[in-house]
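The values are calculated or read from the model by the stated rules, or taken from the named source; none is laboratory data. Everything numeric in this text was worked out from a predicted model, so none of it was measured. Using ideal geometry, Cβ is built from the backbone for each residue, glycine included, and neighbour counts are taken over all protein chains shown. Side chains are part of the model used for accessible areas, which takes the heavy atoms of the whole protein and leaves out ligands, DNA and RNA. Shrake-Rupley method; radii C 1.70, N 1.55, O 1.52, S 1.80 Å.
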Amino acid sequence: MKHPLNYLEEKEQEKHQLKDAEPLQKRQRREECNGVQGKAEHLNGAAVTAAGTAALVSLKADADYFRGYSTIHIHEEMLTDQIRTNAYKHALYENAKHLRGSTVMDVGAGTGILSIFAVQAGVNKALAVEACEIAEQARLIVKENKMEDKIDIIKKTVEEFELTEKVDAIISEWMGYCLLYETMLPSVLRARDKFLKEGGLMFPSKATLYLAPVHDEDLLKRVNFWNEIENKYQVSMKCMKSIAEATFTADADIRVIPPEAVQAHAADLCSLDLMTATPEDVQSVKSSFQFKCFGHTIINGFISWFTVEFPGGRILSTSPYKEATHWAHTVFSLQKPFPVRQDTEINGIFSLKPHPRNHRCVEVEIAFTVDNQESQRQTFSLHNTCPGRQLHNEDRLIPDLPRKTLDCTKSSLENGGSSPIQERSSKYGKKNSNAMKIY
């Protein structure tokens, strides 16, 4: 029989051990469910230093990023986009002879649909890597499609696990607004360097970012709305026009722009070969551009879009001359619109880099001259880009996550929070039957 005092001491020790272990268990569960989220919360207790604060801000941005992809809305949005989803499906089917019997890795697999397409194309094993809670749903989807023996769901980031053998191909839908928003591409390239066999395939294999000047009628209507209030309600609100102009030109916007708004042939800002590009190559973009305008109009902004190319030549385009996708177009509205005529030249520099307060968001600067005379320079943050629905408890895949609006507003960014995942735009435009066949 144990001595009563010893017994009480042991019980007290066990109680303290359980108390000490409980936060660790919670952190481990959070980290397992949300990738780096547990690491970010663990850093909260660390001594505040310049390097520590920067690391904490970065980890919080990552945690919110992964949390954003744990909600059902973003996956609904992406799967609603048939242009995007079918481009991957057909690209994989068209490469069936290269994929048959192979092993592929799906980076940022989400619901696992690209891995399922790969198996349908003849792949022997698909490794679906997904750090978010959506991985649990992906397992159910794989089971529902009776592919458990072909698809392995790996609930980690690509940086967190090892493989004994390399894969034959890497599949990933990593593109964000203005191509590089969300900063997922560096992880895909690290996966390529770490896991892809020599001579393996990348889906997609190339990416190109474009820019063009526009006459944006929608912007004019939104600004002039305040002039029309008096006619509607006999109350004048013309003083609001200047506030509207300042608001709509402060940051980049995500909207579908019709092809007739484009006022010059597009400039190619950067072309990436995803077989050779390094993670450092894709952290920022700096490129010169030159436009010769089509005719007389007012230029009140620029828009960007991108294309990606798959092995075999299939192209997924977000051009205004093609059917609209959920990426829409990134609109940079100017604070000082300017008139142009036929062959007016616009020369400038486009710069894109990670946002200083959140590396998942981006900051863009456009500096230019008009006919080598008038010059402008304007900086845009690409963060709070879409209206974004509030996430209610019944909408969540993870019921115990705290309710949070996913935004990257200035105050949120300064506090190290925020996420760039705010509903990829659902404002699809209608297909233009007269669209020019260019990218």
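General remarks:
- Solvent-accessible heavy-atom area per residue, rounded to whole Å², over segment 181-260 at 1.4 Å: 49
- Label zone of K197 (point 7 Å out along Cα→Cβ, amide N under 15 Å): in segment 86-106 this covers 96-105.
- Filtered GluC sites (Glu not before Pro), segment 163-227: DSSP coil and at most 11 other beta carbons within 10 Å: E165
- Label point distance in nm, E217-N145, each placed 7 Å from Cα along Cα→Cβ: 4.1
- Nitroxide proxy distance, nm - points 7 Å out along Cα→Cβ at M275 and A246: 5.3
- Entries of K89/K292; K166/K286; K60/K221; K155/K322; K125/K206; K156/K353 with Cα pairs more than 30 Å apart: K89/K292; K166/K286; K60/K221; K155/K322
- Of all accessible heavy-atom area on segment 192-336, the percent that carbon and sulfur account for (1.4 Å): 50
- Rg/Rh for segment 112-167, where both radii come from Cα atoms and Rh is the Kirkwood radius: 0.95
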